[in-house]
Each structure stands twice: as C-alpha cells, then as structure tokens.
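Throughout, read-outs are computed from the coordinates displayed, never taken from laboratory work. Nothing here was measured: the structure is a model prediction, and the numbers come from that model. As a convention, Cβ positions derive from the backbone with ideal geometry for all residues, glycine included, and neighbour counts pool all protein chains shown.
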Amino acid sequence: MILLYVDDLIIAASKNSIHNLETSISEIFVDTKLTIQNLDYYLGIKIRTLHEGKLISLHQTEYVDSVYEKYSYLLSNVDSNATTPLTKEAVEYTKAQIDPDANQHLEEDMSDSHDTFPYRELVGSLLYLCTCTRPDISYAIGFLTRGVCKPTQIHKRASLHLLSHLKLTRTHSLLIYGQSTTVTGFSDASWLNSKISRKSDHAFVIYSGNSPIYWRFCRQMIISLSTAEAEYDALTSMGKEAMWLKSLIEDIFGPQKLPSILYIDNEAAIRISQHPTVHTNSRHFQLRAHWMRYNVSQQVFTVQHIGTKHIAADAMTKSLSLPEHNRHSLFLRGHIQIKHPTTQQWRDIFEGEFKLKLNEYYSLDDETQTQVIH
C-alpha cells in the first residue's frame, strides 16, 4: 500500500516488496533518486514505534513549537496557563441570545478594518493540528473557523488562548494500536447551538479497534426540529464515514465479520434507526431514516445507547470543565485502551480511578505515558 502526497510517500509492505518497488521506480525515472528509510516523520507529524511495533505514537510537538514561535509576539497578554482549549468569554459568546442585526453591529464595533492581526493564517495552522493528531481541540477550532470572514476581538483572543493551550499540551500524542480492526463510532449533537441560524452542531469519532482514525465536527446543514433529529443526523453522517472506512479496512486486512458498532446517547434516535414505524415527529426525516434503518436491518451497523458522559465526541460539541475535558481528551487520542465501553474498566476511568492522577500523567513525557497505559 502506498500513501502519496506530492513527493512524499508512505509505503506499507514487506522488505522484498519495498526493494522491488524501489528498483522499478528507479528504472522508470532514471534521473530521480529515491530514498527509502524507516518512517519517523511525515508532513509535520513525528511517528514513533513502541512496544516492538505493537503501538504507534503520533505527535506534532515540533510543529506546535514552530507555530508558537511564529506568533509569539502576539502572546504578551495571554494567560500561559490555558488548561482548556476555549476561553470563557468565547463560550459565553456562543451561548448569547443575539439576533443577526445586533450581531452584525457587535462585529462592526469589535473589528478593525485596518487590523493586521494574522487571524486566517493562525487558524489555518491550528486547523492542521486538529485534522492530524488533536481531535480534542475540535470544538475550539469550530468556533474559530466560523469567525474567519470577520473575526471579532473575542475570536482573536480565543485563537491566542488556544495557541497557548497547545504550547502547554505540546507533547500530547495520538496512539494507534496494531490489534483489532473492528470499526466503532461515537457521535454527539448539540441541538440549536447557533442562536442566529438555529442550526445544530454535531461531531463524531471513529475507531479501528482502539485506534482513533477519523473525526469530524461541523454545523449541520439542516435545521433540526428536535434533539432526536439532530442526533439522528449525526448518526447518519457517522454511519456513512464508518461504512467507507470499513470497506477500506477490508481491502487491506480482509473481510470484517462483525458489524460496526455506533454509539449515541439518544434513545429516540436509536428507535428510529431500528423500527419502521412512522411518527409525526420523525416522518419528515426522509432518506436519512431509510438509509440508516436499512443498514441496521442488514447488520452493517449495530446502534447502541451509551450514557452522555461516556460519549467520546461530547468534548467536540461543547466546552467542558477541565476534569471532563482531560478525560475525553485521553479517549479521543487513543490513550484509553478498552475492549468495550460499558465494561467496569471504562466506568472506572470516567469515575476518576486512575493509576496516576491526570495532572501527574500529563507531566510525563510521551513514552512514559504509553508505559503507564500498558
């Protein structure tokens, strides 16, 4: 298997196959020198193989340092102890009951047409981190990207706060396990998050075994009339991605016998996905209900209920307290290895029964953290 980005390649194959590929490429491109070495760095991502190849750690410490250094001249009045990704004033701003005209007036007052603040560049740099190895900052990134066209002072302060938070958590890594390839997903929706457009936010994270491999946060295109509809839209979006990822995994590792397990915290959405009964509150769902219900009936998916505090994607749709954010961050980045999220091990983790306290855990370096996990 070859992953190609411009002139950087990742080759996953046996040594003989890699050697044959190297020979073939050299014969075709005579003037091109092909250098093949062990994978340890790719597109700003540091890659470390641990436990005799059974565990892979991905982090962007050097990338965070470079971004921080580039914009450090803006951080003179920013709290260096930014323990959570989003500022309190940004959280209050998202909750404010503001009508469109009032919001426009507010933005005009708070924005400077001659401002040279590099907001787009900074948010773009932070977005790359979120896309690659830091799903735990998704909610903060969602807030920042919605202000790209005309950022207020609140947006600018929030972007610098997030940068300070990333500096504080610069060694945080994403873990990939070489074990089970069963596809599992967690989705969550926040109904009517926008007081202006009345649209909801949703997020989901998909795992291959215990490894987080895909995540997404977005504002829904539709206006949901109920919490169940918002949750069901999130479930459908996650299901589409889970189906594609499962087919990709099957191309690499062979057929997957077990259905993908999709977890949500809304009982009404689960019933809609499992039963063809038409209700006045859900008959307008149209194709979404039929698509998900059909795939559940064909055992492509199994939809199960799980408590809200056990939903990994909960931290991607709202701002949480520091302890809750840290717990969800561990799970989102694969630092909690579980067999099934309703076992006693999972409940113990969310009740705070850690071998080390969270603050002690975060003070460790990346390799020591992985040793604690195992």
How many nm is it between the label spots at Gln179 and Lys309, if each spot is 7 Å from the Cα in line with the beta carbon?
2.5 nm
The residues Trp191, Trp244, Trp291, Trp215, sorted from fewest to most surrounding Cβ atoms within 10 Å, come out as Trp244, Trp291, Trp191, Trp215
Which of Lys88/Lys195; Lys95/Lys309; Lys195/Lys318; Lys167/Lys240 have a Cα-Cα distance over 24 Å?
Lys167/Lys240
For the peptides 36-43, 128-135, 321-328, what is the packing order when you average, over each peptide's residues, the other Cβ atoms within 10 Å and list the highest mean first?
128-135, 321-328, 36-43
Quick one: order Lys46, Lys95 by neighbouring beta-carbon count within 10 Å, fewest to most.
Lys95, Lys46
What is the distance, in nm, between label points placed 7 Å from the Cα along the Cα-to-Cβ direction at Cys218 and at Leu322?
3.5 nm
At Glu89 and Cys149, where each label point lies 7 Å from the Cα along Cα→Cβ, what is the point-to-point distance in nanometres?
2.4 nm
Figure the gain on full extension for Ser297 and Thr32 (residue separation times 0.36 nm, minus the Cα-Cα span) and round it to one decimal in nm.
90.1 nm
When Glu231, Glu22, Glu69 are arranged by how many other beta-carbons sit within 10 Å of their Cβ, fewest first, they go Glu69, Glu22, Glu231
Among 157-165, 51-59, 142-150, how do they line up from the highest to the lowest mean number of other beta-carbon atoms within 10 Å?
157-165, 142-150, 51-59
Using only the alpha-carbon atoms of region 182-306, report the extent along each of the three principal axes, biggest first, to the nearest angstrom.
45, 30, 23
Restricting to Cα pairs below 8 Å that are 6+ residues apart, what does the relative contact order work out to for region 182-306? Please round to a whole percent.
26 percent
